[in-house]
Amino acid sequence: MTSPRDFELNRRELVVGATAAGALTTLPKGAQAEQASMDQPVLAKVGLTVNGQRRELELDTRTSLLDAAREHLHLTGSKKGCDHGQCGACTMIVDGRRINACLTLAVMHQDSEIVTIEGLGQPGNLHPMQAAFIEHDGYQCGYCTPGQICSGVAVLAEIKAGIPSHVTADLNGPMQVTEAEIRERMSGNICRCGAYSNIVEAMTEVAGRPA
Amino acid sequence: MKSFTYERPSTPAQAAQALSAKPNAKFIAGGTNLLDLMKLQIETPTHLVDVNGLGLDAIEPTPEGGLRVGALVRNTDLASDARVRKDYAVLSRALLAGASGQLRNKATTAGNLLQRTRCPYFYDTAQPCNKRQPGSGCGAIAGVSRQLAIIGSSEACIATHPGDMAVAMRVLDATVETVDARGNARRIPMAEFHRLPGDRPEIDTTLKPGELITAVTLPKPLGGKHIYRKVRDRASYAYALVSVAAVIQPDGSGRVALGGVAHKPWRVEAAEAALPRGARATTEALLAGAKPTHDNAYKIKLAERTLGAALIEARA
């Protein structure tokens, strides 16, 4: 009997195969040759540190940092939501800063230090933010959660470092972890289940203030 | 995305040369706008020159008492710089009103200036757009235009410059510094950096092909109250429908520029004489000759009221 996992793999291969066959049959012969010569993949080498481990890769220059992690390093915690920087599901912490991994090329990250959700914590060894998300039900379907948690960890670090936000009343005063600050700073992470209020509670707890 | 070759030069002159050496090459810095457009095949460079290794990432004082902001200074770092927060708060505020935390961490000063329009017809490759495909027509003029330009537009294009940072830099009279492939440096006042669409809407700025932005300089501080007020469809992470950058002095005089209304940050120095008389008089002068569409005529009233709110804030 086929296990659900086998089925998923088979289904995925089937979809990929069908798309490729479709593309080949719809293109006229001349266009196929022209397309191939004009649009040959260009490979480049890049070495980076992911979750403390040095990784050397040879990639198509078009590969986003997100695809490098998911498809080449098999770190599938970071999610591809919109692939256009609008949803935040791909958020990683790169050289100490949160970024949209979908909107940067892997080859632009030679020697970068990258932390994904897998590097923040593991089962049995959770990061405090991961534990707080569980405790406060900071998710429903969980798809946006790795990005929310990476962003949440970075947001608290940004406030600690004195980086102001749109809702900071006094640009030159001390920064505080308030609900308004958390909501504004987390606006690049969309949760379509609407777990926002619980995410705010989880972050507030980690920041050391009463939730 | 179309495939491309990639290189990472180490000096500004090398970068400008690298760009000129190959047809259809582009600079990439933060990449947050360019890669988005490449995925949609709106931009299709065949060679990318990565400028992140050029070392243009410092904010330094100038002999004139201003600040020189390197082209690669990230939006987060510019907004957070203590000198910018204290003396150029309108610029900090404008930056913090734009994009998301993740994007501001990547986006650069030069890249922010060069971001393309967010006109939905520019983004939709199934629609005509003179900016994306010169000569194909403008779908926006008779289409859905509530976000688009009300002044300075043409029969070819009603797109807006979507940014916030440039509006603040315009009100501050910043200067863009560049270098070309032959090593020649040039200084472009912000007033002349972004252009109006006219009959060449595919050209956003007055940069020459291959010219590389190296820095933006801010003149010595203006003093006064610095305000950036942005009106958008949601409270965070959205483009401006209308924004106001204002620097107002205690006597009520000052400077004002509008975002979200034109192909460039919109400032009319002559209109600023009306500032002590209030928002209505100023907006009438600032937006004289506006040609809104049916869908975006509301922006004229919205600009007046947003400026009114900014002036109240300035007096507080």
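Data for the structure
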{"read-out": "Chain-alone versus full-assembly comparison, the range A:51-89, residues with accessible loss of at least 10 Å² (1.4 Å probe)", "value": "A:Thr61, A:Arg62, A:Asp83, A:His84, A:Gly85, A:Gln86"}
{"read-out": "Karplus-derived 3J(HN,Hα), 6.51/-1.76/1.60, for each residue of the range B:129-141, Hz, glycine and proline x", "value": "7, 5, 7, 7, 9, x, x, 7, x, 10, x, 6, 4"}
{"read-out": "Where labels lie 7 Å past Cα in the beta-carbon direction, separation of B:Ala297 and A:Ala180 in nm", "value": "3.7 nm"}
{"read-out": "Percentage of interatomic Cα-Cα distances in the range B:77-229 larger than 27 Å", "value": "30 percent"}
{"read-out": "Ratio of Rg to Rh over chain B (Cα coordinates, Kirkwood Rh, two decimals)", "value": "0.96"}
{"read-out": "Rounded to the nearest 10 Å², the accessible area of B:Tyr123 at probe 1.4 Å", "value": "50 Å²"}
{"read-out": "Phi to ³J(HN,Hα) by Karplus 6.51 cos²θ - 1.76 cosθ + 1.60 over the range B:303-308, Hz, x for Gly, Pro", "value": "5, 4, 6, 5, 5, x"}
{"read-out": "Given charges at beta-carbon only (K, R positive; D, E negative), |dipole| of the protein assembly as shown in Debye", "value": "1000 debye"}
{"read-out": "Accessible surface buried once A binds B (1.4 Å probe; total of both sides; Å²)", "value": "3300 Å²"}
{"read-out": "Point-charge dipole on Cβ atoms (K/R +1, D/E -1) for the range B:206-316, about Cα centre, debye to 20", "value": "160 debye"}
{"read-out": "Under Karplus coefficients 6.51, -1.76 and 1.60, residue-wise ³J(HN,Hα) of the range B:174-183 in Hz, glycine/proline x", "value": "6, 10, 9, 9, 9, 9, 10, 5, 8, x"}
{"read-out": "B:Glu269 - accessible surface, heavy atoms, 1.4 Å probe, Å² rounded to 10", "value": "90 Å²"}
{"read-out": "Prolate/oblate/rounded label for the range A:121-211 (Cα gyration tensor, a/c 1.5)", "value": "prolate"}
{"read-out": "Chain B - charge dipole about Cα centre, Lys and Arg +1 at Cβ, Asp and Glu -1, debye rounded to 20", "value": "500 debye"}
{"read-out": "Contour minus Cα-Cα distance for B:Gln133 and B:Lys22 (0.36 nm per residue)", "value": "37.8 nm"}
{"read-out": "Per-residue average of Cβ from other chains inside 10 Å of A:185-195", "value": "3"}
{"read-out": "Mean Cβ neighbour count within 10 Å, used as a protection proxy, ranking B:190-201, B:299-310 highest first", "value": "B:299-310, B:190-201"}
{"read-out": "Residues with amide H under 5 Å from that of B:Thr205, placed H, sequence gap 5 or more", "value": "B:Arg195"}
{"read-out": "Signed unit charges on C-beta, dipole axis of chain B, positive-most listed residue B:Gly254, B:Ala29, B:Met1", "value": "B:Gly254"}
{"read-out": "For the protein assembly as shown, alpha-carbon Rg and Dmax in angstrom", "value": "23.8, 83"}
{"read-out": "Sequence-distant residues sharing a close amide H with B:Ala215 (under 5 Å, placed H)", "value": "B:Ala71, B:Glu177"}
{"read-out": "Number of partner chain Cβ atoms within 10 Å, mean per residue of A:100-109", "value": "6"}
{"read-out": "Shielding score for A:143-154, defined as the mean number of other chain Cβ atoms within 10 Å", "value": "1"}
{"read-out": "Computed Rg/Rh of the range A:32-120, alpha carbon atoms with Kirkwood Rh", "value": "1.01"}
{"read-out": "Amide H within-cut-off set for A:Leu105, under 5 Å, with H built and near neighbours excluded", "value": "A:Leu65"}
{"read-out": "Accessible surface of the range A:121-169, 1.4 Å probe, proportion on carbon and sulfur as whole %", "value": "59 percent"}
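The values are calculated or read from the model by the stated rules, or taken from the named source; none is laboratory data. Quantities reported herein were computed from a predicted structural model and do not represent experimental measurements. Note: ideal-geometry Cβ built from the backbone for every residue, glycine included; neighbour counts use all protein chains shown. Remember, those area values only see protein heavy atoms, side chains included, never the ligands or the DNA or RNA. Shrake-Rupley method; radii C 1.70, N 1.55, O 1.52, S 1.80 Å.
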